[in-house]
Each structure stands twice: as structure tokens, then as C-alpha cells.
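The values are calculated or read from the model by the stated rules, or taken from the named source; none is laboratory data. If you're wondering where the values come from, they're calculated on a predicted model, not measured in any experiment. In this analysis, Cβ positions are derived from the backbone assuming ideal geometry, glycine residues included, and neighbour counts consider all displayed protein chains.
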């Protein structure tokens, strides 16, 4: 018997036995994702949101709310971004992956994202944003939060330059976000 109905967060003790879970999904993959989220908690999201807020203020945009003032739905969108990082890098042909921070780290550690790698991660991030917004009732149209319409509900390649810059800003922060919870981006061999 599981204890997951009505819960927003889960621990392994809430789940049925792996044999039963395997009837519905890959229990090993699910356990890895659960561990990743438990490890991160809201610490990484708080860091990410504060970083975003500071960058918006540097650009003269004052309406970026701090983490504490976000609605639960807005916080969940931030969490969704963190969860999707690992998933976006799972394909075998992707040149980077996530691992626990190692002493020394060597030349494989990635501390800055730029060029084709940045653009590919931006495509993943924009796909995640579009998926999240559609799941929450948003549609394509003029930017209006009251009517849940956004001009950014399209692939990364079709965004306006300022919208692309906003996505790039979020993705460039991946190495710092991961580092706050003891993880790092590294090049694959």
C-alpha cells in the first residue's frame, strides 16, 4: 500500500514495493529522480530565484518577486526547471551529464555554459517551460498573466531575441544551481 494520494512531495517510505511499482513505471529511474529532488529540496530553487531576481534588478526590472513571495504554483514551476535539468541531459549523444561534486573535478567540470551546448540546453528549457505552461492552462497570445496568455509558448528558435535572452539567463545558471546541492556539470568521455 502506498501513501502518495494527495501529497505534493514524496519520500521512499510513501511508495509501494519496487515489484509493485515496476508494474507502472521503471522503479529504479523513479527512485533516482526522487533522490535527486530530495537532495535538492527548495535550497536550489531559493538560490535560483534570488539569482534571477538580482539579474532582473540589474536590468532595471523591479517586479521579479523573491522566493518567499511566490505563489505555490510559481514555486512549483521553479522546481520543475530543476527537475528537468537531469532529464534533458540523459540522451547518449548529449555532451554533458550531472554527477556529485568531486575533489579536484579536473578538466571535465563545466562552470560556464556557452555556444552550441548553451543553445541546446536552452531548447530543452524552453520545451519544459512550454509544457509546464500548457499544463497550467496557458495559451499562445499577447503577454497577459490575467488571461493566461503568453507570446513565449513556442520553440526556442521562434522566440524573440529578448525572450531567448531570458531563457539563456536561466540556463547559464545551471552550474551554480547544481553546485548549491553538491552536484556539478561535467563533460562525458
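Checking each residue in segment 151-170 for being in a loop (DSSP other than H, G, I, E, B) and farther than 17 Å from residue 134 by Cα picks out only 160. Does segment 109-128 include one or more residues that are under 17 Å from the mean Cα position of the chain (by Cα), modelled with pLDDT under 80 and either surrounded by fewer than 17 Cβ atoms within 10 Å (Cβ to Cβ) or not in a helix (DSSP H, G or I) (or both)? No.
Using the structure shown, decide if residue 151 is surrounded by fewer than 12 Cβ atoms within 10 Å (Cβ to Cβ), modelled with pLDDT of 90 or more and on the phi < 0 side of the Ramachandran plot. Criteria not met by residue 151. Pairing residues of segment 125-143 that are within 15 Å of residue 78 (Cβ to Cβ) with residues that are surrounded by 12 or more Cβ atoms within 10 Å (Cβ to Cβ) and modelled with pLDDT of 90 or more, at Cβ distances under 7 Å and at least 6 apart in sequence or on separate chains, gives 125/167; 133/150; 133/153. Taking the conditions (1) in contact with a helix residue (DSSP H, G or I) (Cβ under 7 Å, 6 or more places away or on another chain); (2) more than 18 Å from residue 112 (Cα to Cα) in turn, residue 177 satisfies each one other than (2).
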